[in-house]
Amino acid sequence: MMIIHTGDLHLGCSLSRESPLARFYIDVLKELVEKAIREKAVVLISGDFFDHYDVSYSLMIEVARYLRQLRDNNIEVVVVPGNHDNARSGRGVLDLFNEAGLIKLTRYEEIGGHLLLYPLRINDYDFYGVPGFRNQAESKYIKENRVKFVKNNNKNNNVIILAHVSVEFAGFRPRDYNRQYGMIDVVENELWRIMPSGTKYVALGHIHIPIPQERKFKSNIAYPGTPIGMNIEDLRETALLERKGVRRRFLMVDLEGDLPLVEAVELESSPKIMYEKASYISIDELRKHISSIVKDGTDYHGFIFEAKVEGLKDEQVNELRSFIQEIQRSYNKLVYLRLPEASGVENVFAGYDIHQVDTSSLSIEEIEEKILNEYAGKLGLKIPIEKIKEILRLLYEEKGERSRYYYKELYEKIKNILQESYKGG
């Protein structure tokens, strides 16, 4: 059996909505769909198909058109939720597509401190999915041996696992590479310890660079990386990978034989990005350089400049901001400028979103805490951040059928948290 393995498309992220790169996200999906139909391959999406479980109606309709093409050609699409699009309430976009018969969503339950995984049977294979969670619970479940694979009654036990998790393997330690992947890694032998016998391939997601990076290799585990990415850090990685001769890709996996044969399919529709880091003696030199590079860089779709400018003053930042926006409008290409702290001004801005905050070096938990602290300060809240998180978790994790006492019980729980927070205040 042939499979196409991809993940971390992050459809609906800000880059896919508000930047000149928006069209590439759907182009990538189209390219993948056409390849799957030609090869008659099962499609695996290893988490974060979408950037959020609640997306716009127009995006749902557009994606549904391509998923319908796969369904009409008898191509199965198996999806595991990632930490971005996992709606634990069961009311997200993936649940909608699953109920419409456009995808097959792997099923799980959290019961008694364990993560129970249920199989999907396709072409004599059992497919299981280890979902991603915002609090990295998937890593904790694996490391503490609290994952249970619910077996079916079939004698044939060929198994494929989709797992949206940060895994150390092939000498790669994700959290050392980039903090945006979180601070809990699962070691490879911890992952294999929980896998059922007969596991042929582990389709990983969550890490945005491809591992391994060869074009063709034999392996029973791999990360395809993101086709485009969700932020500027991913685009910077795209440029750095290109310098090493590694392009964004999805993976074709041939399951015949003792060890699957994996081949990288380099994406024709992924944008080409230029990244530069340099120092300049004046703002005029920087402006001239950016103008020249963007004008002459006809083969590129996006430009990232990290610049240190001698003697840069606060009042010059707005001038640069307007300049970047005008350059982007003129050439209809993403142009991003970062002025690091060494310049005397900590500022990040781009034509598509001048208010963007640089979070590329932060984990999801750190980003969440940064935002909560900022808004708690603006609103003058005295409640500790940990208590706010507790309330959010309570609201986020409530699920299932709501009894007539649901809101009363929820109110009492939140009231108790608030009372504890303001004791003695």
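The values are calculated or read from the model by the stated rules, or taken from the named source; none is laboratory data. Because the structure is a prediction, the values reported are computed rather than measured. As a convention, Cβ positions derive from the backbone with ideal geometry for all residues, glycine included, and neighbour counts pool all protein chains shown.
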Exercise. In this structure, is Leu251 hydrophobic (A, V, I, L, M, F, W, C), in contact (Cβ under 8 Å) with a residue 40 or more places away in the chain and in contact with a Ser or Thr (Cβ under 9 Å, 6 or more places away or on another chain)?
Worked result: yes
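Quick grid of which residues meet (1) farther than 18 Å from Ala239 by Cα; (2) out of contact with any strand residue (DSSP E or B) (no Cβ under 9 Å at 6 or more places or on another chain); (3) in the same structural domain as Glu233 (by TED's automatic domain parsing); (4) surrounded by 15 or more Cβ atoms within 10 Å (Cβ to Cβ):
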| site | (1), (2), (3), (4) |
| --- | --- |
| Pro260 | yes, no, yes, yes |
| Ile283 | yes, no, no, yes |
| Lys288 | yes, yes, no, no |
| Gly297 | no, no, no, yes |
Exercise. Does Met230 fit the bill of being closer than 23 Å to Lys30 by Cβ, modelled with pLDDT under 95 and not in a helix (DSSP H, G or I)?
Worked result: yes
Problem set entry | The lone exception for Ser269 - which of (1) assigned to a strand (DSSP E or B); (2) closer than 22 Å to Gly225 by Cβ; (3) of a type in the set (S, T, N, Q) it fails | (1)
For this session: Filter the range 47-92 for residues that are small (Gly, Ala, Ser) and in contact with a Phe, Trp or Tyr (Cβ under 9 Å, 6 or more places away or on another chain) and give the result.
Result: Ala64, Gly82, Ala87, Ser89, Gly92
For this session: Kindly list the number of the only condition in (1) surrounded by 15 or more Cβ atoms within 10 Å (Cβ to Cβ); (2) in contact with a strand residue (DSSP E or B) (Cβ under 6 Å, 6 or more places away or on another chain) that fails for Glu233.
Result: (2)
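Let's see how each residue does on (1) within 19 Å of Val43 (Cβ to Cβ); (2) touching a helix residue (DSSP H, G or I) at 6+ places or on another chain (Cβ under 8 Å):
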residue: Asn231; (1), (2): no, yes
residue: Leu241; (1), (2): no, no
residue: Lys244; (1), (2): no, no
residue: Asp254; (1), (2): yes, no
Exercise. Can you spot a residue in the range 277-293 that is assigned to a strand (DSSP E or B) and among the charged types (D, E, K, R)?
Worked result: yes
For this session: Inspect all residues belonging to the range 296-304 and state whether any of them is closer than 19 Å to Pro271 by Cβ, polar (S, T, N, Q), out of contact with any Pro (no Cβ under 7 Å at 6 or more places or on another chain) and outside any strand (DSSP E or B).
Result: yes
For this session: Could you list, in sequence order, all residues of the range 298-311 that are farther than 18 Å from Val335 by Cβ and either without any contact (Cβ under 8 Å) to a residue 12 or more places away in the chain or aliphatic (A, V, I, L, M) (or both)?
Result: none
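Name the residue that is modelled with the lowest pLDDT, counting only residues in the range 1-46 that are among the charged types (D, E, K, R) and within 21 Å of Asn83 (Cα to Cα).
Initial filter on the range 1-46 (among the charged types (D, E, K, R)): 8, 17-18, 23, 27, 30-31, 34-35, 38-40.
Still in the list and also within 21 Å of Asn83 (Cα to Cα): 8, 17.
Numbers: Asp8: 97, Arg17: 86.
Applying the filter and picking the extreme gives Arg17.
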Seminar exercise, completed: Reported set for the range 8-59 where residues are under 12 Å from the mean Cα position of the chain (by Cα) and closer than 16 Å to Asn231 by Cβ is Asp8, Leu9, His10, Leu11, Gly12, Cys13, Asp48, Phe50, Asp51, His52
